[in-house]
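So the structure is just underneath, and the comments pick up after that.
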Amino acid sequence: MFSLSSSIAPTKRILIIAIVVGVIAGFGSVLFFEGLKWATAFFMGYLLHYAFPQEGQSVAAISQWSEPGSLVLLLPVMIFGGLLSGILVTRFAPEAEGDGTDAAFKAFHSDGRIRKRIPALKAITSILTIATGGSAGREGPAAQIAGGFGSLVADMLGLSPRERRIALTTGIGAGIGTIFKAPLGGAVLAAEVLYTRDFESEAIIPAFLASVIGYAIFGLFEGYEPIFALGPLSWTVWQIPLFLLLGVLCAAFGLLFIFVYYWSCDGFIALFKRHNLPQYLKPVFGALILGGMVIALALISPEAEMLGLASMGTSYGFDQLLIYSMVPLAVILLLPFVKILATSLTLGSGGSGGVFAPGLTIGAAVGAALGVTLHLLFPAYVPVETIPVFVVVGMISLFGAVAKAPIAVLIMVVEMVGSITILIPAMAAVAVSHLLTGEKSIFKEQVPTKAQSGAHRGEYDRETLEGLYVRDSMTPGDAVIVLSPLDEPGKVVDLMAKTGHTGFPVLDEGRLIGIVTNRDVSLTRLPGRECSTIHEAMMASPFVTYPDDTLEEALALMVGHDFDHLPVVRKEEPGKLVGFLTRTDILRSYARASHRVICQPPGEENGSSAGTVSPHLR
């Protein structure tokens, strides 16, 4: 195995990682995309005689699409895809089941490793699922495939844990950015989508470079034109309230999507567990139900058949039809519900694919429904040229909210349609939908902040910290140096120089009212920020921890809010200081506990708890 020399500067090592990952992601995306394209042409075109609409086609070309000539074969085709995909996933790669993006996130937040077999297996199972009519997208597979290549690069080059984390994230960004011809959005997505309220800033620059390299390679084979084609567009600032309303609707449908999707996942798991059915048959059940639904709709009317066909595959061709305003209103109104159900059946049953494409279609249909309705009611206020704006903004607003990645999705879809003119209404809509959906996310493996991510806790073992308590690690209250709110900031500087401490609790008549640290004092030296007392400089109502909290809980609080110190109080007496805890205290207790585990003779019981430490040295 080749490894990067430790003598190479860190910036150059990251540069090498980004280049290698970008090249691999570019060629990997080409192979996956071509495989999906040819498989879809075989199953849908050759077997079903289905001239399906495709994204990027002109109005004249896409208007020639036609329904399958052999719809009777749809059910066997979908069952075949579900069965073969289920066998491969169950036998060789359980983590390739469902949405690949979540699996990539899980790897990032744990040990940063994706098994070597996953990229190839994820590509094959996703191609089988999508090409045979399963409702899923290609971004999840692209993320897991390219993320797997990033993990493989980390193994090949003997990277450190931090570099491995960057390689994996860079792979995710490069894969998504490349497959959607959205290098900027893909790179930002990789950094943003790992958390619901945080950002993986270390990965953003190498992801930029890797995405550009992957995009350049992919474009050599597939062209550089945007995914979707646009016709005439028009919107005015007076329509902004309507886009805010679209944000509200997208939030509602986004929450419905999340609920139905995970209800389906749980339902299939419970059903197969209750009846002790083979796991590889799960995708078959989902394909059987979805195929039966599409055939039943086709028997009702041509519009119902169009609705069923629009729920299959990535649905990008029908997104293009929505942009061109070539879909009947009855189909538009029902499409969000049917697409949610179809995706939940496909991925909830264990089919392999992503949720990005379905999310875009649901949002596009919601936007089209609002746009067409407003045009019919107020044609002068909402002309026909505004309807495509509602469609594209709906894509951004819905998936940006459910993925908790509003900035990245905003950029990605703008790149996918090749127009920046919709940026302002899209910003308004996605801000509303993101706020209204709160912490709800379509990705289970997202974590709120870096504090909850194992990737940023590599120096600690979570189970060890969960067995240690604040009361055994804190500096006791009577040994803590405290300050009065009337003390001068200069006193803090003197104490820091004499003791090495960098934070002190502030008490007023024995009651905790704040905390002052070296950061607070440094701010008082800025022009216009001069303070005469500690009370003006301190952080009032500080975050606190309790004696019975675990060190895991305390550290999560520290990392999540970027603190180094926590006052310790009793829950029944929140104003009474009983101790003081720092990251140094946590590290010492952790090291002591780890030493006992390593050195303790087999069979001997653990000794006393971590014990208190001497007055805090910060």
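Every number here is computed from the coordinates shown, using simple stated rules; none is lab data. Because the structure is a prediction, the values reported are computed rather than measured. With ideal geometry, Cβ positions are generated from the backbone for all residues, glycine too; neighbour counts draw on all protein chains shown.
Treating each Cα of the stretch 459-599 as one equal point scatterer and applying the Debye formula with no solvent, the log10 of I(q)/I(0) at q = 0.17, 0.19 Å⁻¹ comes out as -0.91, -1.08. Charging the Cβ of each Asp and Glu at -1 and of each Lys and Arg at +1, and nothing else, the dipole of the chain about its Cα centre rounds to 980 debye. Shape of the stretch 304-416 from the C-alpha gyration tensor: oblate (a/c of 1.5 or more and a/b not above b/c, with a ≥ b ≥ c the square roots of its eigenvalues). Axis angle, to the nearest 10 degrees, between helix 74-92 and the longest C-alpha principal axis of the chain: 30 degrees.
For the stretch 195-303, what class follows from the C-alpha gyration tensor (a ≥ b ≥ c being the square roots of its eigenvalues): rounded when a/c is under 1.5, otherwise prolate if a/b is larger than b/c, else oblate? Since a/c reaches 1.5 and a/b is larger than b/c, the shape of the stretch 195-303 is classed as prolate.
Straight Cα distances below 13 angstrom link Lys37 to the aspartates and glutamates Glu55, Glu222, with same-chain residues fewer than 8 positions distant left out.
Compared with the dominant Cα axis of the chain, that is its longest principal axis, helix 329-348 is turned about 60°.
Students often get this wrong, so try it: which of (i) 82, 55, 46; (ii) 119, 82, 48; (iii) 84, 65, 51 is Cα extents along the principal axes in Å as calculated from the structure shown? Derived directly from the coordinates: (iii). Between Phe80 and Ala591, the simple label model (points 7 Å from Cα in the Cβ direction) yields a spacing of 6.4 nm. Given a Förster distance of 30 angstrom, what is the FRET efficiency for Met539 paired with Thr464, based on the Cβ-Cβ distance and rounded to 0.05? Given R0 = 30 Å and the Cβ-Cβ separation, E is 0.50.
Extension gain, Arg519 to Lys440: 0.36 nm times the residue separation minus the Cα-Cα distance gives 25.0 nm. Positive-end ranking of Leu486, Leu577, Gly514 along the dipole of the stretch 459-599, with charges on Cβ about the Cα centre, is headed by Leu486.
In terms of distances greater than 27 angstrom between alpha carbons, the cross-link table entries Lys181/Lys450; Lys106/Lys282; Lys116/Lys273; Lys181/Lys404; Lys122/Lys404 yield Lys181/Lys450; Lys116/Lys273.
Apply the a/c threshold of 1.5 to the C-alpha gyration tensor of the stretch 138-244 and tell me whether it is rounded, prolate or oblate.
Oblate, because a/c is 1.5 or more while a/b does not exceed b/c.
What list do you get for Cys265, Cys531, Cys250 if you sort them by fewest beta carbons within 10 Å?
Cys531, Cys265, Cys250
Taken along the Cα-to-beta-carbon direction at a fixed 7 Å, the label points for Ser484 and Ser58 span 8.5 nm. Of all segments of the chain bounded by GluC sites (Glu not before Pro) found in a DSSP loop with no more than 15 other C-beta atoms within 10 Å, the longest spans 1-438. Length gained on full extension, Glu385 to Ser70, computed as 0.36 nm times the residue gap minus the Cα-Cα distance: 109.8 nm. Dividing the summed helix terms, -39500 (n - 2.57) for each DSSP H run of n ≥ 4, by the number of residues in the chain produces a 222 nm estimate of -19000 deg cm²/dmol to the nearest 500.
Based on the Cβ-Cβ distance from Leu245 to Glu530, what FRET efficiency comes out when R0 is 41 Å, to the nearest 0.05?
E(calc), rounded to 0.05, equals 0.25.
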